[in-house]
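One structure is given below, encoded as structure tokens.
The values are calculated or read from the model by the stated rules, or taken from the named source; none is laboratory data. As the structure is a prediction and not an experimental result, all values here were calculated from the model. Reconstructed Cβ throughout: ideal geometry from the backbone, glycine too, with neighbour counts over all protein chains shown. Ligands, DNA and RNA are stripped out before the accessible areas are found, and what is left, the full protein with its side chains, is counted by its heavy atoms. Shrake-Rupley method; radii C 1.70, N 1.55, O 1.52, S 1.80 Å.
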Amino acid sequence: MSKESKSLYSAKLLINDIPVTVKSKRIKNMYLRVRAPSGDVEVSAPRQCSLNEIERWLFERHDWLIKQRERVAMQPSPPELQFVSGEEHKLWGKSHTLDVAVKKRGASVKCEGEQLQLVSLPHYNADQRKKIMDRWYREQITREVEALLDIWQPRMGAYSNSFGIRAMKTRWGSCNIRSKKIWLNLELVKKPAECLEYVLVHELTHLFERYHNVRFYALMDEFLPDWRERKKLTNQFI
Ligand SMILES: [Zn+2]
């Protein structure tokens, strides 16, 4: 027999809308894992544990579970992407088929309906094609952030000094309240546009309130009443 314990039975649980697969095994302790990139949650439990006990154990780890899923949702595109024709790439929550043309000059990306048309140079490899895509993604999100700031800053009466876009592993955004600079995660360009709007309003709210306290959430409720749904959407795998 292999070292990996065989599953005796498996069951599905819902922990606050998060589907969890339970596998009962001949083991001593419970193990919890969040799989990337799907965000699927799996728990291995000793066979003497009842589903009720497992459920209680999971609820105690609920906050950790949410954090882990957020982390997985923030991971950049799967490394197996090669940036070749036929691949699916996301833009504002929608899948687009990549179409790569090789030309001598003019590396660029264009969105045409459901296609992303990438012009690559003859000697470019996957990394270089990814760089062209990321540069283009950065332009798209920058334009969107500028438009959103024009709407939200006067509406909220909160003004940032500048913003930047970068890949971040553990956050969707951040706000330096002293310099009034906002950072946004580049991956937001692949989520529905409501997600970027939610993160931006969240960061602007920090200009009023530094901490995630009652006052902060009251302000969020006032500015963006559906922010909870948007937060969920941001951390979904779509
Ligand atoms: Zn915050």
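Summary table below
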quantity: For region 94-149, alpha-carbon Rg and Dmax in angstrom; calculated: 12.3, 39
quantity: Alpha-carbon Debye profile of the chain, log10 I(q)/I(0) at 0.07, 0.10, 0.14 Å⁻¹; calculated: -0.32, -0.62, -0.99
quantity: Carbon + sulfur, % of accessible area of region 7-74 - ligands and nucleic acids excluded, 1.4 Å; calculated: 46 percent
quantity: Distance between region 15-92 and region 117-167 - C-alpha centres, whole angstrom; calculated: 30 Å
quantity: Mean accessible surface per residue for the chain, computed with a 1.4 Å probe while every protein chain stays in place, in Å²; calculated: 59 Å²
quantity: Kirkwood hydrodynamic radius of region 33-134, Cα pairs, Å; calculated: 16.6 Å
quantity: Volume in Å³ per residue [convex hull over Cα atoms, computed for region 7-74]; calculated: 78 Å³
quantity: Fully extended contour minus Cα-Cα distance, from Thr21 to Leu8, at 0.36 nm per residue; calculated: 3.4 nm
quantity: Antiparallel %, DSSP beta bridges [both residues in the chain], to 5; calculated: 60 percent
quantity: Degrees between helix 214-223 axis and first principal axis of the chain (Cα, 0 to 90, nearest 10); calculated: 50 degrees
quantity: 5 angstrom amide H check on Trp92, placed H, neighbours 5+ away; calculated: Lys190, Lys191
quantity: Region 7-74: relative contact order in percent, alpha carbon pairs under 8 Å with at least 6 residues between; calculated: 28 percent
quantity: Degrees between helix 126-156 axis and first principal axis of the chain (Cα, 0 to 90, nearest 10); calculated: 80 degrees
quantity: Loop trypsin sites (Lys or Arg not before Pro), region 79-143, which have at most 13 other Cβ atoms in a 10 Å radius of their Cβ (DSSP); calculated: Lys103, Lys104, Arg105
quantity: Degrees between helix 62-74 axis and first principal axis of the chain (Cα, 0 to 90, nearest 10); calculated: 40 degrees
quantity: Span per principal axis, largest first, for the Cα atoms of region 129-234 (Å); calculated: 45, 29, 25
quantity: Residue pairs, from the table Lys131/Lys190; Lys169/Lys231; Lys12/Lys94, whose Cα atoms sit over 21 Å apart; calculated: Lys12/Lys94
